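A short write-up of the structure that comes next.
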Amino acid sequence: MSREEMTRSRYFFRLAETFLLSVFHLTDLLFRFLPPRAMDAFFSLLGKLIFYARPGMRRRLIAKIAQAMPEITDERELNRIAKEACTSALRPIYDLFLFGNHGESFMRHLRVEGMENLELAAARGKGVLFLGAHLGAYSVRLPVMAKLGEPYTPVMYHPDDSPVAGYVKAMAIYGSSLGYDAVDNAVIFAGDNTISRIEERLSRGGKVCVNFDVDGEFIVDFFGRPAAMASGIAHFALNTEAAIVPFALLRGDEVFDHHMKIFEPLDYGLSGEPRKDLASIMEKVMDAGQNMIREDPGQWMSWFGIWHWWDKAAQRLN
């Protein structure tokens, strides 16, 4: 990357952080006076403004979705998914404050499917690796699962490593106040004795969540093309034989309509050949991730990164 490109990148992320923090604090204020339905409409409007304000970004986003899911040929449907994806980039803020201000209503209307899958996975006694994504109301998955009696330890990059660190810190501080045991299930930051802490947690039969849709170095097929993705969850499974359980908290049509879907544990076996097993687990992880996204592709905010993962893989393979 040239110096000019680096300057533009820093400027962009500085603007992005200012905008996100402004939306965060404005949302905190507005939720004190406006009903959830009005806030829902406000965020839908913000998403539409982002979608229509940048024609170039809009065309690229639609092209990414069309390349990943060529079976969708209806232009109106592609536009709908892209428009919703723009809103989904901001929805984590809305979800946090919705749960923070109306948690009882949130839980009362929550639909839970597949809890028996989690019970089956936990019964194996080797811990549970939740396979998550930046999909749906992911910013409140942890307090929701804690309310359901199934808390877990999230694994994430340290906020200081984010190009919008101030925004990530604000979200993390508010999120940590939403009703889960922050002592037993404290966040594990990447690089902070990550491997030993995760494996120790799993060895005690604990639950750890890793999002699969993260930039990395492992080349694996994703939506029909090689992509460079993080492979941490596969390494942890390889070392501990913990059950891998995909899950997602999806938004419904109404303000308080949310659906926690816990899918069947991935069926992976170990051959004793680490490289072969790692590749096999990653293939299963990515297949499960794609299936979760296809549940409602407009709720996946990481459409904006998919070309980067594809291009990075192409550069490494050439």
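For the condition more than 18 Å from Val245 (Cα to Cα), of a type in the set (Ser, Thr, Tyr), at pLDDT 95 or above and surrounded by 17 or more Cβ atoms within 10 Å (Cβ to Cβ), Tyr138 does not qualify. Figure legend. Inter-residue proximity from region 258-283: first residues touching a residue at least 24 places away in the same chain (Cβ under 8 Å), second residues assigned to a helix (DSSP H, G or I) and among the polar types (S, T, N, Q), beta-carbon distance below 7 Å, spacing 6+ or different chains. Indicated pairs: Ile262/Asn117; Phe263/Asn117; Glu264/Asn117; Pro265/Asn117; Tyr268/Ser280.
In region 177-186 there is no residue matching the filter, namely being part of a helix (DSSP H, G or I) and surrounded by 14 or more Cβ atoms within 10 Å (Cβ to Cβ). Residues being without any contact (Cβ under 8 Å) to a residue 40 or more places away in the chain and within 22 Å of Asp28 (Cα to Cα) are entirely absent from region 65-83. Reported count of residues in region 280-318, each being surrounded by fewer than 17 Cβ atoms within 10 Å (Cβ to Cβ) and outside any helix (DSSP H, G or I), is 1.
Here is a yes/no grid of residues against (1) of a type outside the set (S, T, N, Q); (2) farther than 28 Å from Lys169 by Cβ; (3) in contact with a Leu (Cβ under 8 Å, 6 or more places away or on another chain):
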{"position": "Tyr11", "(1), (2), (3)": "yes, no, no"}
{"position": "Thr18", "(1), (2), (3)": "no, no, no"}
{"position": "Met57", "(1), (2), (3)": "yes, no, no"}
{"position": "Ile65", "(1), (2), (3)": "yes, yes, yes"}
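Considering region 223-248, the residues that are surrounded by 23 or more Cβ atoms within 10 Å (Cβ to Cβ) and closer than 12 Å to Lys312 by Cβ include one that is farthest from the chain's Cα centre (by Cα), namely Ala227.
When region 283-318 is filtered for residues that are of a type in the set (Asp, Glu) and within 18 Å of Leu249 (Cβ to Cβ), the ones remaining, listed by number, are Glu295, Asp296.
Contact annotation: residue pairs with Cβ atoms under 9 Å, 6 or more positions apart or on different chains, pairing a residue in region 111-124 that is on the phi > 0 side of the Ramachandran plot with a partner that is part of a strand (DSSP E or B) and of a type in the set (Phe, Trp, Tyr), are Gly114/Phe247. Checked across region 200-208, the condition of being out of contact with any Phe, Trp or Tyr (no Cβ under 7 Å at 6 or more places or on another chain), without any contact (Cβ under 8 Å) to a residue 24 or more places away in the chain and closer than 23 Å to Met156 by Cβ holds for at least one residue.
Per the listing Lys126, Lys83, Lys147, the residue uniquely more than 18 Å from Ala288 (Cβ to Cβ) and in contact with an Asp or Glu (Cβ under 7 Å, 6 or more places away or on another chain) is Lys126. The strands (runs of 3 or more DSSP E) located wholly in region 190-260 that include 1 or more residues which are among the β-branched types (Val, Ile, Thr) occupy 207-211, 215-222, 243-251.
Being out of contact with any helix residue (DSSP H, G or I) (no Cβ under 8 Å at 6 or more places or on another chain), acidic (Asp, Glu) and part of a helix (DSSP H, G or I) is a property that Asp277 lacks.
The values are calculated or read from the model by the stated rules, or taken from the named source; none is laboratory data. In this text, all values refer to a predicted model and were calculated from it rather than measured experimentally. FYI the Cβ positions are ideal-geometry reconstructions off the backbone, even for glycines, and counts take in every protein chain you see.
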